[in-house]
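Engineer: Sharing a structure here in structure tokens format.
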Amino acid sequence: MSRKAKRRDSRRESSLYAMALSQFLKVRTTTDITNFKLAWPTFFPDAFWQWQINPAPPGPVDSDEPLPQLAPVSGWRAWQTVLREAWSEKFPLTETIRLLVSPTAPWRDELADMPVFDFQRAILLLSVERWRAKFCLQCGEPFAAEKPATRFCNPECFGLSRRVYKRQWFRENLAKTTERRK
Ligand SMILES: [Zn+2]
């Protein structure tokens, strides 16, 4: 299979995954769960549907009083709530990482308390905005680009680049010629 065909194929597959995820947003009842599992048997790990979360009591914690024990909530429902929020906010990095990590390493307390590290945000950002991962055309070192068009890691490399040098040379000479013509 050609690289292009492979990319086209994986794009079609990815859009199916996205569609399945939107269907999951509508899951409410046990019948919905059964139907979703029939259509997508391996979409989530098996343990996902049994996962339990212990919600933290709302409000400030008073150390003198014993903490009220709240009944555990189902993990998939909590995950679905975070997914709905992420969906409406166009998938912010932090929520996206919680969504990515929690079902395979089930988080026992509220999803909002799940620690998210900057390395996860960085990896995710580079996976979504692939153009950011570049190698400098001048020095060959890897760098994270701010704009899609950036080709050099720093102004120094930009200045050193032969292309820019050539363009400058051309411009300077053009200026000289026009000056001579005056
Ligand atoms: Zn460079």
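Engineer: Whose amide H sits under 5 Å from the amide H of Q52, counting only residues 5 or more places off or on another chain, with H placed in the peptide plane?
Structural biologist: G75
Engineer: Next question. Using the charge dipole of the chain (Lys, Arg: +1 at Cβ; Asp, Glu: -1 at Cβ; taken about the Cα centre), state which of S102, P155, P92 has its Cα farthest towards the positive end.
Structural biologist: It is P155.
Engineer: Under 5 Å between amide hydrogens, which residues at least 5 positions from F143 or on another chain qualify, with H placed 1.01 Å from N in the peptide plane?
Structural biologist: Here K134, F135, C136 satisfy the definition.
Engineer: Could you state the angle between the C-alpha long axis of helix 3-24 and the longest principal axis of the C-alpha atoms of the chain, as a value from 0 to 90 degrees rounded to the nearest 10?
Structural biologist: Once rounded, the angle reads 30 degrees.
Engineer: Which chymotrypsin sites (Phe, Trp or Tyr not before Pro) in region 1-61 pass both tests, a DSSP loop state and at most 16 other beta-carbon atoms within 10 Å?
Structural biologist: Taking region 1-61 and a limit of 16 other Cβ atoms within 10 Å, the loop chymotrypsin sites (Phe, Trp or Tyr not before Pro) found are F43.
Engineer: Once R0 is set to 30 Å, what does the formula 1/(1 + (r/R0)^6) return for the Cβ-Cβ distance between S2 and K37, expressed as a FRET efficiency to the nearest 0.05?
Structural biologist: 0.25
Engineer: Dividing the convex hull volume of the alpha carbon atoms of the chain by its residue count, what do you get in Å³ per residue?
Structural biologist: Output value, Cα hull per residue: 243 Å³.
Engineer: Mind scanning K37/K134; K90/K134; K26/K147 and naming the pairs with a C-alpha gap bigger than 32 Å?
Structural biologist: On the way: K37/K134 40 Å; K90/K134 25 Å; K26/K147 37 Å.
Listed pairs above 32 Å: K37/K134; K26/K147.
Throughout, read-outs are computed from the coordinates displayed, never taken from laboratory work. Bear in mind that the values here come from a model prediction, so they are computed numbers and not experimental data. All Cβ positions, even for glycine, are placed from backbone atoms using ideal geometry, and neighbour counts span all protein chains on display.
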